[in-house]
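> The structure that follows is given in the form of structure tokens.
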Amino acid sequence: MRPLNSRDGRATVDIALVIPLSGSAGMFGPSSEACATLAAEEINAMGGILDRPVRLHPVDSGAPLPRLAAQIGRMVDRGEIDGVVGWHLSNARKVITPQTAGRVPYVYTTFYEGGENADGVYMVGETPDQQLFPALRWLRAESGLRRWCVVGNDYVWPRETARATREFTAGTDISIVGETYVPLGGRDFRRALDLIRDSPAQGVLLFMVGADCAAFNRTFARAGLDESRLRLSMMIGEDVLYAGGAGSTRGLYTASGYFESVISPEGMDFGSRYTRRFGTFAPALNNIGESCYEGMLLFAALAETARSLDPQLIERHAAQVGYAGPRGEVRVRGAHTTQPVFLADADALRFSVLAELHG
């Protein structure tokens, strides 16, 4: 017998929550799962999606990519899920989209390199023109930083973001003076440190993931490079600060659509609800985990506006979609969302917001 899906009368809306539970990004898994769980509970308290309660099915995006693709493919083929939501690396997204395109809606919650156009995919996160490039302009204007080198993990997001950054800087007085890449999970940073030390770079664009980023920050500080060069890290939350230690955060900046330290009624209320639900020792609340909460809100808003889980119907109605969340009012524009983006620097083990950025 073919398994029932929601269009066949299943009583729930089932979502594959694809988050890193292992690997270099695994430290982001607990906060991502907690935030998505809170969103699902709150959505259910308000009547669910299309009058059905939501069920989450966590899937480890840190699994080998062929295994991840096969698992999502099976879940879609068997009608076990009505959609996919999650924070995960771009190499995982690249193997998921062929399994979901035109079949189930897919909400990808992280900032990314840009350019995704698979059917039925919607992005919560920022692209470089919304996040990275305004941060570079701000640091140029406020701190005089013109020369940067790139240190990244060796996969799609760092390399494509570096390529886009080179194109952006070509029309400015900002320049990329060197690049080097480290395998995911790698801990040999000697080439990167030599590049930074021997170059005229005033800052380091850090496109590294989770535990790798924390390890690099410790090594960078031990080498004394934090005395003379800033870092702008684009995939970092408070959990990375904790893992690296307070001694590794001098001169460390990032940009994001969410920081717990942003003073707004929506953000403060979200933080209070998160703490009430998961307690004082909950996983650190950060922009990466919070994006999964946003992703669940977006998934619900897409389905409710279309009154359907069918990707084609959702696409027809997507331009009308918006919702209110911890980041404030969010609207869908094409396959992306519009939202404020902030620049922050690390103050020991927390981020302090310096400015709202404008693309």
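The values are calculated or read from the model by the stated rules, or taken from the named source; none is laboratory data. These numbers come from a predicted model, not from an experiment. In this analysis, Cβ positions are derived from the backbone assuming ideal geometry, glycine residues included, and neighbour counts consider all displayed protein chains. Heavy atoms of the whole protein, side chains included, go into the accessibility calculation; ligands, DNA and RNA do not. Shrake-Rupley method; radii C 1.70, N 1.55, O 1.52, S 1.80 Å.
> Look at residue 129 and say whether it is closer than 30 Å to residue 78 by Cβ, charged (D, E, K, R), at pLDDT below 95 and assigned to a loop (DSSP other than H, G, I, E, B).
So residue 129 fails the test.
> Where in region 187-262 are the helices (runs of 4 or more DSSP H), entirely inside, with at least 1 residues that are out of contact with any Lys or Arg (no Cβ under 9 Å at 6 or more places or on another chain), at pLDDT below 95 and buried (at least 23 other Cβ atoms within 10 Å of the Cβ)?
Ranges flagged: 210-222, 238-244.
> Pick out the one residue from 113, 80 that is open to solvent by 10 Å² or more (accessible area, probe 1.4 Å), out of contact with any Phe, Trp or Tyr (no Cβ under 7 Å at 6 or more places or on another chain) and assigned to a loop (DSSP other than H, G, I, E, B).
After ruling out the rest, the residue left standing is 80.
> Within region 278-288, work out how many residues are at pLDDT 95 or above and open to solvent by less than 10 Å² (accessible area, probe 1.4 Å).
0
> Here's something else I'd like to know. Please go through region 149-179 and pick out each residue that is touching a Lys or Arg at 6+ places or on another chain (Cβ under 9 Å), free of Cβ contacts under 8 Å to residues at least 40 places away in the same chain and among the aliphatic types (A, V, I, L, M).
174, 176, 177
> Has region 2-14 got at least one residue that is hydrophobic (A, V, I, L, M, F, W, C) and at pLDDT below 95?
yes
> Across region 54-77, which residue is most open to solvent (accessible area, probe 1.4 Å) among those that are free of Cβ contacts under 8 Å to residues at least 24 places away in the same chain and of a type outside the set (S, T, N, Q)?
This residue is 67.
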